[in-house]
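Nothing in this text is a laboratory measurement; each read-out follows from the coordinates by a stated rule. What you see is a predicted model, and the numbers here were worked out from it, not measured in a lab. All Cβ positions, glycine included, derive from the backbone under ideal geometry; neighbour counts span all protein chains shown.
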Amino acid sequence: MSGVGVTLLSTAAVTVVAVLVTFAIARWRGRYDTIDTFWGLGFALVSLVAFELPGGGSVALRIVVTALTVLWGVRLAVHLQLRNRRLPEDPRYAEMVRRAGSRPGRRIFVRVYLVQAVVLWFVSLPVQLAQYGTGFGVAAWFGVALWAIGFTFEAIGDEQLRRFKADPENRGKVLRHGLWRYTRHPNYFGDACVWWGLYLLACSTPLGAATVLSAAAMTFLLAKGTGKPLLEKGMEKTRPGYRDYVERTSGFFPLPPRKV
């Protein structure tokens, strides 16, 4: 079996085992939203496993792509864990438990945990195949720059939202300043930039360039899938001024506010 095949099988096996462990921890904690914390850590784990295997690519490229993935994943995991521990169970999971009846664990494991394992492995393909990249060329430098823009956007956006929610006077209000003035989801936009940056880092090899659907899948999930649409649906119910905010502010890409 080729080195690429060994890498793909190894990361798939590690991902499944890690999800099983995460589900066991979730059952022990009584909180199925534990998978949210695992999301970032899962990418970090996959990148480290792929790095430890004999990839045979450029050492500089392998180190950079692994370090950037781990940094992104750990920051996201820490942020979500600190945020969620002060809150009750995410309403999405609570609703799943209610609908599942007497045995919610099995349904949530299959429909959430296993599905996320597959998505995580597929989205992380650029990181895995970058381990076989032939060099640190122009595309890689653009990838690092795009990653840095995305990481900064995501981190600043999350921190601005954290501070806004920490002020009791903002209860029921809509965050309209900082990065949130230009896009309703600076963290999601930043997340997408991170993964397009990592994709560019993988483009020094034909196999890496072929993983364009992985970055596209992450962007779709953020903008049209389980990210933005579900969040905004809940916001319209709990924030009276959110409809006006939607009419004035770009939904994803940062743009000047519209005049209404």
*Only residues of the range 60-102 count here: report those whose backbone N is under 15 Å from the spot 7 Å along Cα→Cβ of residue 25, or say none.*
73-85
*Note, ³J(HN,Hα) from phi for the range 113-120, Karplus 6.51, -1.76, 1.60, rounded to Hz, x at Gly and Pro*: 5, 5, 4, 5, 4, 5, 5, 4
*Most mobile listed residue (132, 199, 242) in the chain, GNM with C-alpha springs under 10 Å*: 242
*In nm, give the distance between the simple-model label positions of residue 9 and residue 259, each being 7 Å from the Cα along the Cα-to-Cβ direction.*
6.4 nm
*Among 211, 178, 94, which residue has its Cα positioned farthest towards the positive end of the charge dipole of the range 3-248, with +1 placed on the Cβ of Lys and Arg, -1 on the Cβ of Asp and Glu, and the dipole taken about the Cα centre?*
94
*Would you be so kind as to identify which of 240, 117, 11 lies farthest towards the positive end of the dipole of the chain, taking Lys and Arg as +1 and Asp and Glu as -1 on Cβ and the Cα centre as origin?*
240
_Neighbourhood net charge (13 Å Cβ-Cβ; Lys/Arg +1, Asp/Glu -1) for residue 35_ = +1
*Dividing the convex hull volume of the Cα atoms of the range 1-40 by its residue count, what figure in Å³ per residue is obtained?*
47 Å³
*At 0.36 nm per residue, minus the direct Cα-Cα distance, what do residue 87 and residue 67 gain on full extension? Give it in nm, one decimal, please.*
4.1 nm
*asked:* I need the calculated FRET efficiency for the pair residue 60 and residue 122, taking r as the beta carbon distance and R₀ as 22 Å, to the nearest 0.05.
replied: 0.25
_With θ taken as phi - 60° and the coefficients 6.51, -1.76 and 1.60, list the Karplus ³J(HN,Hα) couplings across the range 131-140 in order, rounded to whole Hz; mark glycine and proline as x._
5, 10, x, 8, x, 9, x, 4, 4, 5
*Please turn the phi angles of the range 6-23 into ³J(HN,Hα) values with the Karplus equation 6.51 cos²θ - 1.76 cosθ + 1.60 (θ = phi - 60°), one per residue in order, whole Hz, x for glycine and proline.*
4, 4, 5, 5, 5, 5, 5, 5, 5, 4, 5, 4, 5, 5, 4, 5, 4, 5
*Set the Förster distance to 45 Å, then compute FRET efficiency between residue 138 and residue 98 from the Cβ-Cβ distance, nearest 0.05.*
0.30
*Between residue 33 and residues 5 or more places away or on another chain, which pairs have amide H atoms under 5 Å apart, with H built 1.01 Å from N, and which residues are they?*
90
